[in-house]
1. Restricting to the stretch 403-417, name every residue that is more than 16 Å from residue 462 (Cβ to Cβ) and either outside any helix (DSSP H, G or I) or of a type in the set (Asp, Glu) (or both).
2. Taking the criterion of being under 17 Å from residue 470 (Cα atoms), among the charged types (D, E, K, R) and over 19 Å from the mean Cα position of the chain (by Cα), would at least one residue in the stretch 343-357 satisfy it?
3. Starting from residues that are outside any loop (DSSP other than H, G, I, E, B) and surrounded by 23 or more Cβ atoms within 10 Å (Cβ to Cβ), keep the ones in the stretch 186-203 and report whichever is modelled with the lowest pLDDT.
4. Name the residue that is most open to solvent (accessible area, probe 1.4 Å), counting only residues in the stretch 255-287 that are closer than 21 Å to residue 309 by Cβ, out of contact with any Cys (no Cβ under 8 Å at 6 or more places or on another chain) and of a type in the set (Asp, Glu).
5. Got a number for residues in the stretch 414-446 being exposed (fewer than 13 other Cβ atoms within 10 Å of the Cβ) and within 25 Å of residue 298 (Cα to Cα)?
6. Against the condition hydrophobic (A, V, I, L, M, F, W, C) and touching a residue at least 40 places away in the same chain (Cβ under 8 Å), how does residue 221 come out, does it pass?
7. For the stretch 37-116, please list each of the helices (runs of 4 or more DSSP H) lying entirely inside it that holds at least 3 residues being open to solvent by 20 Å² or more (accessible area, probe 1.4 Å).
8. Which residues, counting only those in the stretch 373-391, are assigned to a helix (DSSP H, G or I) and open to solvent by less than 30 Å² (accessible area, probe 1.4 Å)?
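The values are calculated or read from the model by the stated rules, or taken from the named source; none is laboratory data. Nothing here was measured: the structure is a model prediction, and the numbers come from that model. Here Cβ is always computed from backbone atoms with ideal geometry, including for glycine, and neighbour counts include all displayed protein chains. Only protein heavy atoms, including side chains, enter the accessible area calculation; ligands, DNA and RNA are left aside. Shrake-Rupley method; radii C 1.70, N 1.55, O 1.52, S 1.80 Å.
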Amino acid sequence: MTVKSNSNNKLKLGKKNMGKNFRRSFTGENGEEFNLESYLFEACDILRGNMDASDFKAYIFPMLFYKRVSDVYDEEYQTLLEDTQNEKFANNPINHRFIIPEGCHWSDLRKITKDVGIKIQKSMQEIGKANPDTLYDIFGDANWGYKERLSDETLIDLIEHFSTETLSVSKVPDDHMGNGYEFLIKKFADDSGHTAAEFYTNRTVVSLMIKIVKPQTNESIYDPTCGTGGMLLECINYLKRNKKDFRTLSLYGQEKNTVSSGIARMNTFLHGYEDAKIKQGDTLEKPVFLVGDKIKKFDVILANPPYSIKKWNRQGWEQDPYGRNIYGTPPQGKADFAFLEHIVVSLSKKGRATILFPHGVLFRDGENELRKNLIKDDKLEAVIGLGPDLFYNSPMESCIVVLRKNKDAKHKNKILFIDALDLVERSGNKNYLSEQNIELISKLFENFSTVKGRSYVANYKEIEKNNFLLSLPLYIKNTKKTKIIPIRTAFLFFRVLECFNFTNHCDSNFVKIKKESVL
């Protein structure tokens, strides 16, 4: 292969889309400052008007990964050539992380002016076939040849934009590349409406979930609904922060959504973690991680399952070939407990899990027998109640359910309840958990004790007396907290009152809200 420069143009950074998030800058080609996040965001601008923003991910992520693979190949080639002065050796596929078939390098795309989308799609397919163990199907199934959506001119603009910078490891290290990728994932989540929960989980909640299970070196980590792989990668970051060997982790993830599973694979690659095993498929219908005909066991499991899905194979679950219906069969309109049962069965002897659920799993009528059987099995270690708006684009309150295969002796036949509903904070239009509150909640969990108004250790008899309901108010008493109404909601409420001349007695409060609100 002839190595060609992929950077003929300088990147011109515009200000129109730059905000406080665009901070990660590097020295780019020709000594120019290269801002990775702006670079990625401007790629999205090229597609605006051609499709909905929610569809950008199916095109931007594969192109970014394609460019990275080509530039890494070129970088390896140049290093090998300088070391050996042997072009044949430098081009030998065995000396490269990835094989790029003849005619499928990024530089080959730049030669095409007609039927560009078809060339892109074919090149991606050929790269996948040439790297069956690592890159097969990683680029997704987007229709690049649909010219009514993506004209040749638009795709040429996209190719030339990505060509303005070299995305080699020396220019953009794995950590920085991964951070830029995560930025783009979050940006798509913020802009994608109700579909955001399919591929992005509030990172502060993820931090809390990981702090509770505490992944260790040499452990296996699994996410059965992994989205874009954020929870798995955060486990690596956790070990890095604690100065432990993260390279010994084994990462596994399954994701039903084809686009999201591809993004997850790219995500782990771009973070420099190539050994992660990410598979596409429906975890409930067809789990892919098996040992023989049995479910594979994992040390740590993290999950944010799609909440309360209605269309799932309940009938098949009644006769599940893997024996996962250990507590019974969940109702048709609520598959939450099916995911919980799958996770319990997937726990190793030292296994522990944290699952993000809606509060409904704690008290819904149709799941009472399931809760009863779970509690009797003594795998439920804690319930942590969180506040609203921590699911993306959903106002419902969430909770973290903590499971452990084998509890410590002092925890047996007991469940810890933690009321953290008032520990959620707000910045802009997003709710989050501060580092201080994450630390507080995790300490409450570690202490496993009753703290008045905040936590309570309930024994089996108490829970049985409450008909196996797990609602926090049944166990944590005297926790009357002022209901916090969002400023925007309060403002609109007073506007309605004002229309009906009902605000004379509360004018001072109305003025105060208007002054303090950020609208």
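1. Of the residues in the stretch 403-417, the ones more than 16 Å from residue 462 (Cβ to Cβ) are 403-410.
Matches in the stretch 403-417: 403, 404, 405, 406, 407, 408.
2. As a first pass, look at the stretch 343-357 and keep what is under 17 Å from residue 470 (Cα atoms): 354-357.
Next, from what is left, pick out any that are among the charged types (D, E, K, R): none.
No: the stretch 343-357 contains no residue that is under 17 Å from residue 470 (Cα atoms), among the charged types (D, E, K, R) and over 19 Å from the mean Cα position of the chain (by Cα).
3. To start, the set of residues in the stretch 186-203 that are outside any loop (DSSP other than H, G, I, E, B) comprises 186-191, 193-198, 203.
Imposing the further condition that a residue be surrounded by 23 or more Cβ atoms within 10 Å (Cβ to Cβ) reduces the set to 188-189.
Details: 188: 74, 189: 66.
Residue satisfying both the conditions and the ranking: 189.
4. 285
5. Of the residues in the stretch 414-446, the ones exposed (fewer than 13 other Cβ atoms within 10 Å of the Cβ) are 427-429, 435-436, 443, 446.
So of that shortlist, the ones also within 25 Å of residue 298 (Cα to Cα) come out as 443, 446.
The total comes to 2.
6. Values: hydrophobic (A, V, I, L, M, F, W, C): yes; touching a residue at least 40 places away in the same chain (Cβ under 8 Å): yes.
So residue 221 fits the description; yes.
7. Details: elements: 57-84, 87-91, 106-109.
It comes to 57-84, 87-91.
8. 374, 375
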